[in-house]
1. Collect the residues in the stretch 137-195 that are free of Cβ contacts under 8 Å to residues at least 24 places away in the same chain, open to solvent by 30 Å² or more (accessible area, probe 1.4 Å) and of a type in the set (A, V, I, L, M), keeping them in residue-number order.
2. Give all pairs with beta carbons closer than 6 Å in which a residue from the stretch 243-272 that is over 20 Å from GLY151 (Cβ atoms) and open to solvent by 10 Å² or more (accessible area, probe 1.4 Å) meets a residue that is in a strand (DSSP E or B) and modelled with pLDDT of 95 or more; count only pairs at least 6 apart in sequence or on separate chains.
3. Just to check your reading of the model, which residue among SER224, SER271 is on the phi > 0 side of the Ramachandran plot and either part of a loop (DSSP other than H, G, I, E, B) or more than 16 Å from the ligand (Cβ to nearest atom) (or both)?
4. Residues of the stretch 459-487 being among the β-branched types (Val, Ile, Thr) and either farther than 21 Å from LEU504 by Cβ or part of a loop (DSSP other than H, G, I, E, B) (or both), which ones?
5. Scan the stretch 394-406 and tell me whether some residue there is open to solvent by 10 Å² or more (accessible area, probe 1.4 Å), away from the ligand (no atom under 16 Å from the Cβ), of a type in the set (A, V, I, L, M, F, W, C) and in contact with a strand residue (DSSP E or B) (Cβ under 9 Å, 6 or more places away or on another chain).
6. Restricting the first residue to the stretch 116-129 and requiring it to be acidic (Asp, Glu), which pairs with a second residue that is at pLDDT 95 or above and surrounded by 19 or more Cβ atoms within 10 Å (Cβ to Cβ) meet a Cβ separation below 6 Å and a spacing of at least six or different chains?
7. Does ALA79 qualify as being surrounded by 23 or more Cβ atoms within 10 Å (Cβ to Cβ) and either within 21 Å of the chain's Cα centre (by Cα) or modelled with pLDDT under 95 (or both)?
8. Report, by residue number, each residue of the stretch 299-335 that is within 16 Å of the ligand (Cβ to nearest atom) and modelled with pLDDT of 95 or more.
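The values are calculated or read from the model by the stated rules, or taken from the named source; none is laboratory data. Keep in mind the model is a prediction, meaning the values are calculated, not measured. Counting neighbours? That spans all protein chains shown, and the Cβs are built from the backbone with ideal geometry, glycine included. Side chains included, ligands, DNA and RNA excluded: accessible areas come from the protein's heavy atoms. Shrake-Rupley method; radii C 1.70, N 1.55, O 1.52, S 1.80 Å.
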Amino acid sequence: MIPAHRLSRRRPLIGRRALAIAVTATVAGFSPTAQAEDRAPAAQATIPDAAALKRLAARLVPAELSVDLSRLPASEQAALLDILRAARLMDGLFMRQVWAGNDTLLVALAGDTTPLGRERLHALLQNKGPWLRLDGDRPFLYGVGAKPAAGTFYPADATKEDLQAWMQGLPAEARAGARGFFTVVRREPGGAFTVVPYSVAYQPELSQAAALLREAAAKTTQPSLRKYLQTRAASFLSNDYYPSDAAWMQLDASIEPTLGPYEVYEDGWFSAKAAFEGFVTLRDDAETARLARFARDLQALEDQLPIAPALRNPHLGALAPIRVVNSIFGAGDANRGVQTAAFNLPNDEKIEREMGTKRVMLKNVQEAKFLLVLLPIARVALARGQRQDVSFDAFFMHILMHELMHGLGPHEVTENDTAPSEVAKGAAAKPRPRRTVREALQETYGTIEEAKADVGGLWALATLMDRGVVDRKLERALYATFLASAFRSIRFGLNEAHGRAVALQLNTFLDAGAVTVGADGTFAAEPAKMKEAVRALTAELMTVQAAGDHSAAAALVRSRAVIRPAVKTVLDRLARVPVDIEPRFTTAEKLLAQPAR
Ligand code: ZN
């Protein structure tokens, strides 16, 4: 577990510059085994040997994810294989986005057959870079420096402040391009910043992926799948992702692929740049139908949010599809460190306004996590009387509501240019150009948004219980399962938005007396107090978002997204329980082993 003081978020300016230079230097002269002279002996002492790396890797317990394809017609099986081949390309793209040295390192380690070399290659593939994602991004190799805070999305020698100043000086349209999801910032030969679209920056792999998706499109007989594959292939080449994001929203097929640049977690500076990933999944029709009924309650939930009525959205996007799927394959950002259990996409606010977002629940991934990680945690962390309350149904429902809650609450900052006193004198309020919550909250956005979705999910389920939509019997299970799951998430590390978000919630509940610590150090949820504590935190987070209040968000993260002693005691007791799963995509491996035609 990482102590809070190792959070690298408020690194002084000079440190950032030094870090960027160190990274540039190691890309050219990298050697995975050489001991870099420039590092202090103390830092070298933390570089793990083969046995230590093996122990660290074992925190992700192998889980076979196989999916029954027997009911898939031959046309769809053939299309699936092309989609898998395209998805595989996302791994290399993602690794290059994380660090410029990854390509060279991968080749070097692939040729190293020593036990240490094998463990290092395994660690590299688990972490998608030479830094341990579960340990505050501590390096496991000499000479690689610190993990670049914003990947390779910006020039290695630039600072966040340089880029901010440059972006603010750009005309509106150029600024939108510089801040866009699908561009990188580079330097021109003269040193000035310039914007390069992904279609140019990652051209070779994207054109290969586009060709494979077009082949798949020619094979499938499902029209909406064909349309997504064709439009996504076109997006890879044109850099316009709007048509294929729209086609993805309308996808209604047995194969449910999600392929391309999506999440912004790797951009630790602006949460602006999308990382490449690939989810290839098969839809679970029975579960999808069971959960679709929740989508009908979303507007009613929005209308009841515990915030000022003016901040509620009277017209949520009409379309809020939910898909329950089983994962066949994950690549790139979709297969690094801790595995995604569910996602809610696209992140593009324009699509979100027009069409809503789609939630995809990865059921076989969640079952593996529940059995291999959550139940063992509950046996250690929870008070004896609450252990038997932990249930897969509560776990699954809360993850679902977490995803739905990403779509609710404020997404744009409520503000105008005219002072309230002037408005009172009769001046018309002049609205400012729209600013998203993501833009306003910058590096705190991920933590606040994840905490909102999590605690908001508890609030929503309690509200649905009050209305009789969800069985009240779920209440005990819900809070006990949430608590066990909180320890699960904090173990992902405070260098990661989800881990910080959960620490923030847990500390809030401890302060409110809604979670208590027994004499034996185990934790218990107090259902009578949880309900109000959940409502209050949901209100607090959404109000900060609506105001776009970056300093309030930063203060919240600083004071509550920390590990307190009672939590640390439990985390230490969990040392032997796996942190998460490492999927073995056995069905995909079998298909991909077939010779290419
Ligand atoms: Zn989330």
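1. Selection gives ALA165, LEU170, ALA174, ALA176, ALA192, VAL195.
2. Between residues of the stretch 243-272 that are over 20 Å from GLY151 (Cβ atoms) and open to solvent by 10 Å² or more (accessible area, probe 1.4 Å) and residues that are in a strand (DSSP E or B) and modelled with pLDDT of 95 or more, the close pairs are SER254/ARG283.
3. On the way: SER224 fails: on the phi > 0 side of the Ramachandran plot.
Matching residue, one of SER224, SER271: SER271.
4. Scanning the stretch 459-487 gives THR463, VAL469, VAL470.
5. If we filter the stretch 394-406 for residues that are open to solvent by 10 Å² or more (accessible area, probe 1.4 Å), which is where we start, we get 397-399, 402-403, 406.
If we keep only those that are away from the ligand (no atom under 16 Å from the Cβ) too, we end up with none.
No, the stretch 394-406 contains no residue that is open to solvent by 10 Å² or more (accessible area, probe 1.4 Å), away from the ligand (no atom under 16 Å from the Cβ), of a type in the set (A, V, I, L, M, F, W, C) and in contact with a strand residue (DSSP E or B) (Cβ under 9 Å, 6 or more places away or on another chain).
6. Matching pairs, first to second residue: GLU119/LEU53.
7. On the way: surrounded by 23 or more Cβ atoms within 10 Å (Cβ to Cβ): yes; either within 21 Å of the chain's Cα centre (by Cα) or modelled with pLDDT under 95 (or both): no.
Here the answer is no, as ALA79 does not meet what is asked.
8. ASP333, ALA334
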